[in-house]
Amino acid sequence: MRNASVKAWVWQAFRLGVGFLFVLAAAGKLRDPVKFMGGMDQYGLVHGAILPLGAAAIPGIELVAGLCLLLGWRSRAAAGVISGLLLLFIGAMAAAMSKHLELDCSCFDLMGSDPSAFPAPAFVDRAIGWLYQTAGGAASGLDLAMLKMNAILAALAVALFSLTSEPSTVPRPWFWRTTLAKVLALWTAFVLLRACEPAEWVQHGLRILLLLSALAWLALDLFRYGWGSLRWGVLLGNALVIGPLFWLMLYKLSDGPSLLGWGTIARDVSMLLPALWLVFYGPVDEA
Amino acid sequence: MTPTIECRRPGLRSVAWAAAIVLLGAALGLGLNHVSSVGINMTIALGLDEPAQPAAGAQP
């Protein structure tokens, strides 16, 4: 029984971790597909029409597969797709290394070198800006853009790990699981919205719609499950311990020094192993 | 509910769903690129903006 619960925990952690990283990777590429195409071109492996078509299609595939994993829908098939992509990336990097090319892998480029480019809803921007002013952040020399990026990543990390630490042996409402799915769905919608840059009134209307949807979802869940389903102790523990660790990992992946050669291959293999585990050890009722 | 977990080879159904995810993702990626103002300009990238070269010896 204990073995089964550990496996269930590992399954949740792998599913959410790999899914989240792939949604992040896709969001970065969708923000600047031309740059991603340039990155692909550096490898010298793809030419002609396949280059622009592949550069446009790959982020979409990453996004759909990552979301499937996060939402737990067709997770084994999604893990198979992600394994295939990772094998492709590892092969491409190995081929580049064999040609003595030192390339940035172009895998995670959510922020580039500018943290102010990090996608955040306008109301989050305003709330953090207000807190920054009130707390005297300008006088302390703290960078507001960096603070905003950290706050959002830490919040996402806390939400993610609150879910994975839910005891899987206890049948209970999947409150946090569904809440995280909603948060990430809203965030992804926002990233896509920013990436596509539609007309101002469309952006404004969609922002209000997303905010109202989030509040309505939260209110409905609280009404259905009650305040007892919010486990503040676990939330706080994760916020203090796992949140910063997860943030550090994401920060290094997204904005740290470029991973070249063996570093990229090691990172891809460390994502490939859990993805393959999901393919072969995923739940039996999932395709 | 606790998910039941055991090792098994992915079946044909998983492969079919994987193919569906790839197709859906590719369509989404190309669609988003098409509506995005920062997307890749496929007309230029695929060389569709260049006028067709007249065949050798063809009359104008």
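Being more than 7 Å from chain B (Cβ to nearest Cβ) and touching an Asp or Glu at 6+ places or on another chain (Cβ under 6 Å) is not true of A:Phe14.
Cβ separations smaller than 7 Å between residues 6+ apart or across chains give the following pairs from region B:3-15 residues that are at the interface with chain A (Cβ under 7 Å from one of its Cβ atoms) and surrounded by 11 or more Cβ atoms within 10 Å (Cβ to Cβ) to residues that are modelled with pLDDT under 70 and assigned to a loop (DSSP other than H, G, I, E, B): B:Thr4/A:Val284; B:Glu6/A:Val284; B:Arg8/A:Val284; B:Arg13/A:Ala287; B:Ser14/A:Ala287.
When the residues of region B:18-60 are filtered to those that are touching an Asp or Glu at 6+ places or on another chain (Cβ under 9 Å) and surrounded by 18 or more Cβ atoms within 10 Å (Cβ to Cβ), which remaining residue is modelled with the lowest pLDDT? Out of the qualifying residues, it is B:Ser36.
Restricting A:Ala79, A:Ala92 to those that are touching a residue at least 60 places away in the same chain (Cβ under 8 Å), more than 7 Å from chain B (Cβ to nearest Cβ) and crowded, with 16+ Cβ neighbours inside 10 Å reduces the list to A:Ala79. Pairing each residue of region A:51-76 that is over 19 Å from A:Phe36 (Cβ atoms) and more than 7 Å from chain B (Cβ to nearest Cβ) with any residue that is buried (at least 24 other Cβ atoms within 10 Å of the Cβ) and among the polar types (S, T, N, Q), provided the two are 6+ apart or on different chains, yields C-beta distances under 7 Å for A:Leu69/A:Ser75. Filtered by the rule that a residue be surrounded by 20 or more Cβ atoms within 10 Å (Cβ to Cβ) and of a type in the set (A, V, I, L, M), region A:41-70 gives A:Leu53, A:Ala55, A:Ala56, A:Ala57, A:Ile58, A:Ile61, A:Leu63, A:Val64, A:Ala65, A:Leu67, A:Leu69, A:Leu70.
The values are calculated or read from the model by the stated rules, or taken from the named source; none is laboratory data. Source: prediction; values computed, not measured. Counting neighbours? That spans all protein chains shown, and the Cβs are built from the backbone with ideal geometry, glycine included.
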